[in-house]
Amino acid sequence: MKIIGLTGGIASGKSFVSDILKEEGIIVIDADIISREIVFKGSEALKDIEQNFGKEVLNNDGTLNRKRLGSLVFSDKNKLETLNKIMHPKIIDEIKKRIETVRMQGVNLCVIDAPLLIETGLYHIVDIVLLVYVNREVQIKRLIKRDNISFEEAEKRISSQMSFEEKKKYSDYIIDNNGSRENTKKQIHDILEEIISMED
Ligand SMILES: CC(C)(COP(=O)(O)OP(=O)(O)OC[C@H]1O[C@@H](n2cnc3c(N)ncnc32)[C@H](O)[C@@H]1O)[C@@H](O)C(=O)NCCC(=O)NCCS
Ligand SMILES: Nc1ncnc2c1ncn2[C@@H]1O[C@H](COP(=O)(O)OP(=O)(O)OP(=O)(O)O)[C@@H](O)[C@H]1O
């Protein structure tokens, strides 16, 4: 089975790209969704988070208050590192399990959509790295609009991630998502065609 790693900075358009891939019938394993699933009430991850960040990152019903935890970790490098140490091994384990399930089903191509594909080392388990690119101006504009956050908050989130230039070194294909959705769709179809026609 060929595994494609899909990555890119925050609000670069990974979800948009993965939606198009899903439309093509390709199975997508989404790291952001897994990171939400593993912090269910009573989970080991949520207990670790409470131990390290206190009750103030929980809602009254005991579930995770993502907005509060996000504003804590994206403005403090050490706190982000603590959260990453709790979350990343669990996310990676779950991704590996899902890859095996998909492999057992006889699927020949699957995609891992992970914003931190490079940072977490997950790129080692994929065959091809697809990087979604937007310039900083477009990225900030789309992030502020989508998440309804301030310019400062958007800057902090972007700065907490590896730069595009650094990620580029690990990538096999770059999708330029600065333009229209139609333009991006065309690039994806061209890349897919090339990947599918490749010999194993
Ligand atoms: C801090 C949390 C609670 C904020 O939740 P929120 O719902 O606001 O954001 P969400 O999870 O949808 O992530 C949105 C985007 O933020 C960026 N982001 C998320 N976590 C991180 C991180 N640890 N470091 C840098 N950027 C991150 C990604 O681009 C992601 O696509 C959440 O992002 C989290 O639990 N992060 C740690 C898990 C993680 O590293 N996920 C990425 C898996 S590869
Ligand atoms: N080509 C495009 N033209 C206009 N808007 C776009 C385009 N691509 C994506 N967007 C919009 O930009 C925002 C960010 O895109 P998307 O949510 O796909 O990014 P992401 O990389 O998955 O983000 P995250 O890292 O936070 O998960 C969304 O509101 C999306 O609708």
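The values are calculated or read from the model by the stated rules, or taken from the named source; none is laboratory data. Not measured: the values here are computed from a predicted model. Don't worry about glycine lacking a Cβ; one is built from the backbone with ideal geometry, like all the others, and counts go over all protein chains shown. For accessibility, only protein heavy atoms count, side chains too; no ligands or nucleic acids. Shrake-Rupley method; radii C 1.70, N 1.55, O 1.52, S 1.80 Å.
Be a star and scan segment 63-78 for residues whose amide nitrogen sits under 15 Å from the point 7 Å along the Cα-to-Cβ vector of Glu56. The answer is 65-76, whose backbone nitrogens lie closer than 15 Å to the label point.
In percent, what relative contact order does segment 2-199 have, based on Cα pairs under 8 Å that are 6 or more apart in sequence?
Values: 232 pairs, mean separation 71.6, N = 198.
Normalised by residue count, the contact order of segment 2-199 is 36 percent.
Taking label positions 7 Å along the Cα-Cβ direction at both Arg146 and Tyr170, the computed distance is 1.9 nm, reported to one decimal. Just tell me which aspartates and glutamates come within less than 15 Å, Cα to Cα, of Lys141; anything on the same chain fewer than 8 places away is out. Within the straight-line limit of under 15 Å, Lys141 reaches these aspartates and glutamates: Glu152, Glu153, Glu155. Here the Karplus curve 6.51 cos²θ - 1.76 cosθ + 1.60, taken at θ = phi - 60°, turns the phi angles of segment 51-65 into couplings of 4, 8, 10, x, 5, 5, 8, 10, 7, 4, 7, x, 7, 6, 8 Hz, with x standing for Gly and Pro.
Measuring nothing but protein heavy atoms, the accessible surface of the chain at 1.4 Å probe radius is 49 percent carbon and sulfur. Within a straight-line Cα-Cα reach of under 16 Å, Lys96 can be paired with the following lysines, leaving aside sequence neighbours fewer than 8 residues apart in one chain: Lys2. Once the chain from Ile196 to Asp93 is taken as fully extended at 0.36 nm per residue, the excess over their C-alpha distance is 34.4 nm. A 1.4 Å probe run over segment 42-99, with the rest of the protein chains in place, finds 61 Å² accessible per residue.
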